[in-house]
Amino acid sequence: VLAFQTDTTRIATLMLANEGSNRAFPMIEVKQGHHELSHHQDNPDNIQKVAKIDRYYAEQFGYFIKRLKETRDGEGCLLDHSLIVYG
């Protein structure tokens, strides 16, 4: 948000994690990686952990959008002047 606000850049890519990396998510108390958990074999605990990781990603994206909306930019806000793709 700060980079857009200060016009340091007009293009950004944010990758929260490489899902193949099997990085743990200690901030949400998930010790396994997303990729490992995605092979859950219908294990309810693993399915819950994948959902927790996906929820975390969605919350982080929501926070970014909220910050863009709260940041004034000319006649509107940064969100008004942004094109965002989330996948």
*Scan the stretch 73-87 for residues that are within 17 Å of T8 (Cβ to Cβ) and surrounded by fewer than 11 Cβ atoms within 10 Å (Cβ to Cβ) and report the count.*
1
*Write out, first by first residue and then by second, each pair whose Cβ atoms fall under 9 Å of each other, whose residues are 6+ apart or on separate chains, and whose first residue, in the stretch 24-39, is of a type in the set (V, I, T) while the second is open to solvent by 100 Å² or more (accessible area, probe 1.4 Å).*
I28/R55
*Quick one: I53 ticks every box in (1) out of contact with any strand residue (DSSP E or B) (no Cβ under 8 Å at 6 or more places or on another chain); (2) open to solvent by less than 70 Å² (accessible area, probe 1.4 Å) except a single one, so which number is it?*
(1)
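Restricting attention to the stretch 18-35, which residues are surrounded by 11 or more Cβ atoms within 10 Å (Cβ to Cβ), more than 19 Å from E59 (Cα to Cα) and modelled with pLDDT under 90?
N22, H35
The values are calculated or read from the model by the stated rules, or taken from the named source; none is laboratory data. Here the structure is a predicted model, which is why all the values come from computation and not from measurement. Using ideal geometry, Cβ is built from the backbone for each residue, glycine included, and neighbour counts are taken over all protein chains shown. Accessible surface is based on the protein model in full, side chains and every heavy atom, while ligands, DNA and RNA are left aside. Shrake-Rupley method; radii C 1.70, N 1.55, O 1.52, S 1.80 Å.
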